[in-house]
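Take a look at the structure set out below.
The values are calculated or read from the model by the stated rules, or taken from the named source; none is laboratory data. All of these numbers come straight from a predicted model, not from anything done at the bench. When we count neighbours, we look across all protein chains shown, and the Cβ atoms used for this are built from the backbone with ideal geometry, even at glycine. For the accessible areas, the whole protein counts, side chains as well, though only heavy atoms, and no ligand, DNA or RNA atoms are used. Shrake-Rupley method; radii C 1.70, N 1.55, O 1.52, S 1.80 Å.
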Amino acid sequence: MEANNIHGEERRKISPEDHHKYLERKSGFRIDFRQRIDLFTKTVLLFTGGALTISMSLFLKQDSPQVTTSILQDLKLSWGLLLFTIVTFSVCYYTMLIQGFYINKNWDGRLPLSDDQITGNTTLSTLRALIVILGTIGFFSFLWGLVLLGTVSIEVVELAGS
């Protein structure tokens, strides 16, 4: 039977001790990578939530600064983009939960775990692609919304000064 992993034959030529060291390094990298993703995601969500809260509090109160129709449209667009960021990152986290459930369900009682079960799995590849696509779209939405909110702030200050 041919392995799903193109490196499977190479791996069989490596001593069990070296293979174990390789798996430990790979596992360590995956844990570190996942922690970086979590920190990045939480940071983006914190900034997004803060920007939405502060800007909405400022512009929706009774004595809010005067804005033009153009500024108001930009403000609404920035809020929409920041809200979209929260939604996409939340869907990413939910997809990661589904991914974890799927992995646990399929690997239950199948130890030792091999890379062939990860690399050749179409469902896991699809979930990973979905996470990357949503995360990327959400991140660019975050950047665009934040830049637009900053532009609105500058325009409001300029309007108040004139």
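A few remarks follow.
- Mean Cβ count within 10 Å, highest first, over the residues of peptides 20-28, 139-147: 139-147, 20-28
- Environment charge at residue 42 (Cβ cut-off 15 Å; Lys +1, Arg +1, Asp -1, Glu -1): +1
- Relative contact order (%) - the chain, alpha-carbon pairs under 8 angstrom, separation at least six: 37 percent
- Other residues lying with their Cβ under 12 Å from the Cβ of residue 24 contribute a combined charge of +2, Lys and Arg counting +1, Asp and Glu -1.
- Heavy atoms of the protein chains alone define the surface here; on that basis the chain has 70 Å² accessible area per residue at 1.4 Å probe size.
- Value of [θ]222 nm, deg cm²/dmol, for the chain, DSSP H segments ≥ 4, -39500 (n - 2.57) each, nearest 500: -29500 deg cm²/dmol
- Between residue 56 and residue 160, the FRET efficiency from the beta-carbon distance, with R0 = 22 Å, is close to 0.70.
- Enclosed volume per residue, in Å³, of the convex hull spanned by Cα atoms of the chain: 136 Å³
- FRET efficiency for the pair residue 107 and residue 137, taken as 1/(1 + (r/R0)^6) with r the Cβ-Cβ distance and R0 = 30 Å, rounds to 0.50.
- Overall, the accessible surface of the chain at a probe of 1.4 angstrom is composed of carbon and sulfur to the extent of 66 percent.
- A straight Cα-to-Cα reach below 29 Å connects residue 42 with the lysines 26, 61, 76, 105, residues fewer than 8 places away in its own chain not being considered.
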